[in-house]
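Participant: Please read through the structure below; I'll follow up with questions.
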Amino acid sequence: MQIVIPGALPATSTAQSLVPYLAQRTPKLIQWFARSHARTERVNLLTAACTATEYWALSHTRAFKPSANQNVSSGLGPFLEPNIEQPDTPVWVVELVHVSPSQNGAALLTANQLGISQQESVSLFESARGVFLHYGYELRPGRDPARWIVTLPNDLRPVSVSPALVANTSVNDWWPQDTASRPWRQLVNELQMTWYDHPVNLARNAQGQAAINSIWLYGGATTSQLNPVNNAPATQWHHDLLEPFQAEDWGQWLERLQHLEPTLIDALGGRDTLKTELVLIGEDRVVTLQPSALMRLRARLPGQATHWRNWWSPLN
């Protein structure tokens, strides 16, 4: 069993300042840290082109290995929209997003941040299908209202980038500017104009909600590149910390961690304690903790009960 917590590893400088508060608010969890062996993995966001959480989910739960001319985010296509009938066909998805000007170029809000309903997705799909057909793309609904599946021409193989990563950075950092992507850029521009005064967005604007005014393309790997879901290790996800982590609201982050602590300690203290791992994920780091009899003994030695700070705040 792996217990996975996205947003559990603050940046080093912040992590160091949180240490005394962790000792006060979550003492049992800190004791568990001290008795566990830690494996740290750095995630190169530029080459993976996805968040550390997405990287871990793809590489550790589905054993995804990108082929030539692919990055890790390519696996998100079949991960989100598996094609069981044609497992060797590339899966490309478009996510409904909001793009707006910002100080650093353009900012993106993901579908999760927009709260898109099924009715909104269907209405926007009907207006978008004609635009896609005009440019030679086949479009069909996905499993989630926030996503559609698109079939690209054989001569178009764009670089995949996760919209979640784009939302944490800037659209300008990832928007394709090569000649081969020009038709796609034209499609997106036309779609943005089509949706500018779409009834869905007029209604959202009236309610004070951000408009669904663009799309983001990613994926490109095949379903056969991922291990089947039934072969994936057992995982238990807790997303409680992600929102305050992204907002850098560390007071709320500590409060949620304190609330989560009893649930974690109960799960970590089960019958298969030595087989249970706790996976903590930050912006570009993953730390996997596993109980260790040796570490338990070490934690009893003078000055060793705080050795966990070495991975929590590496510059400590």
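Derivation of every value follows stated rules applied to the coordinates shown; laboratory data play no part. All of these numbers come straight from a predicted model, not from anything done at the bench. Virtual Cβ from ideal backbone geometry, glycine too; neighbours counted across all protein chains shown.
Participant: Charges only on Cβ, +1 for Lys and Arg, -1 for Asp and Glu: so what's the dipole of region 66-225 about the Cα centre, in debye to the nearest 20? All intermediate terms of the calculation are to be shown ahead of the outcome.
Facilitator: Working: 8 positive and 13 negative charges, 30 e Å.
Charge dipole of region 66-225: 140 debye, to the nearest 20.
Participant: Further question: Using only Cα atoms, find the angle between the long axis of helix 118-134 and the longest principal axis of the chain, and express it within 0 to 90 degrees, rounded to the nearest 10.
Facilitator: Roughly 50 degrees, rounded to the nearest 10.
Participant: Highest first, please rank the peptides 162-172, 240-250, 211-221 by the mean number of other Cβ atoms sitting within 10 Å of their residues.
Facilitator: Numbers: 162-172: 20.8, 240-250: 16.5, 211-221: 24.1.
Answer by packing, highest mean first, reads 211-221, 162-172, 240-250.
Participant: Moving on to the next point. What residue among W216, P158, T288 has its Cα farthest toward the positive end of the dipole of the chain, where the charges are +1 on Lys, Arg and -1 on Asp, Glu, each on the Cβ?
Facilitator: Projecting each Cα onto the dipole axis, the largest value belongs to T288.
Participant: For the chain, find the longest principal axis of its Cα atoms and tell me its angle to the long axis of helix 182-196, 0 to 90°, nearest 10.
Facilitator: With both axes taken from Cα atoms, the answer is about 90 degrees.
Participant: Here's a follow-up. Place +1 on the Cβ of every Lys and Arg and -1 on the Cβ of every Asp and Glu in region 66-225, take the dipole about the Cα centre, and give the residue among W174, A146, P90 whose Cα lies farthest towards its positive end.
Facilitator: The one lying farthest along the dipole's positive direction is W174.
Participant: Using alpha-carbon pairs under 8 Å, 6+ residues apart, how would you state the relative contact order of the chain in percent? If you can, show how the numbers build up before the last one.
Facilitator: Details: 536 pairs, mean separation 121.8, N = 316.
39 percent.
Participant: I've got another one for you. Determine the relative contact order of region 1-123: mean sequence separation of Cα pairs under 8 Å and six or more apart, normalised by residue count, in whole percent.
Facilitator: Relative contact order for region 1-123 comes out at 11 percent.
Participant: Follow-up. Before rounding to the nearest 500, sum -39500 (n - 2.57) across all DSSP H runs of length at least 4 in the chain and divide by the residue total; then give [θ] at 222 nm in deg cm²/dmol. Walk me through the intermediate numbers first.
Facilitator: Working: 15 runs with 126 residues, N = 316.
Value at 222 nm, helices only: -11000 deg cm²/dmol.
Participant: May I pose another question? If you plug each phi of region 68-84 into the Karplus form 6.51 cos²θ - 1.76 cosθ + 1.60 with θ = phi - 60°, what whole-Hz ³J(HN,Hα) values come out, in order, with x for Gly and Pro?
Facilitator: Ordered by residue, 3J(HN,Hα) equals 4, 6, 10, 10, 4, 5, 4, x, 5, x, x, 5, 8, 9, x, 10, 5 Hz.
Participant: Here is a further query. In whole Hz and in residue order, list the ³J(HN,Hα) couplings for region 103-109 that follow from phi through the Karplus curve 6.51 cos²θ - 1.76 cosθ + 1.60, θ = phi - 60°; x for Gly and Pro.
Facilitator: Each residue of region 103-109 in turn: 5, 9, x, 9, 10, 10, 9 Hz.
Participant: Taking amide hydrogens as modeled 1.01 Å from N in the peptide plane, which residues meet the under 5 Å criterion relative to H37, leaving out close sequence neighbours?
Facilitator: Q290, S292
Participant: Relative to the longest principal axis of the C-alpha atoms of the chain, give the angle of the C-alpha long axis of helix 12-25, reported between 0 and 90° and rounded to the nearest 10°.
Facilitator: 60 degrees
Participant: Have a look at P314, V4, S74 and report the one farthest towards the positive end of the charge dipole of the chain, computed about the Cα centre with Cβ charges (Lys/Arg +1, Asp/Glu -1).
Facilitator: Most positive-ward Cα: P314.
Participant: Another one. Students often check this: by mean Cβ neighbours within 10 Å, which of 139-149, 87-97, 111-121 ranks highest, and how do the rest follow? Mind showing how you got there, number by number?
Facilitator: On the way: 139-149: 17.9, 87-97: 21.1, 111-121: 16.2.
Per-residue Cβ counts within 10 Å, averaged per peptide and sorted highest first, yield 87-97, 139-149, 111-121.
Participant: Express the relative contact order of region 61-199 as a whole percentage, based on alpha carbon pairs under 8 Å and six or more residues apart in sequence. The partial results should precede the final answer.
Facilitator: Values: 148 pairs, mean separation 35.3, N = 139.
Relative contact order of region 61-199: 25 percent.
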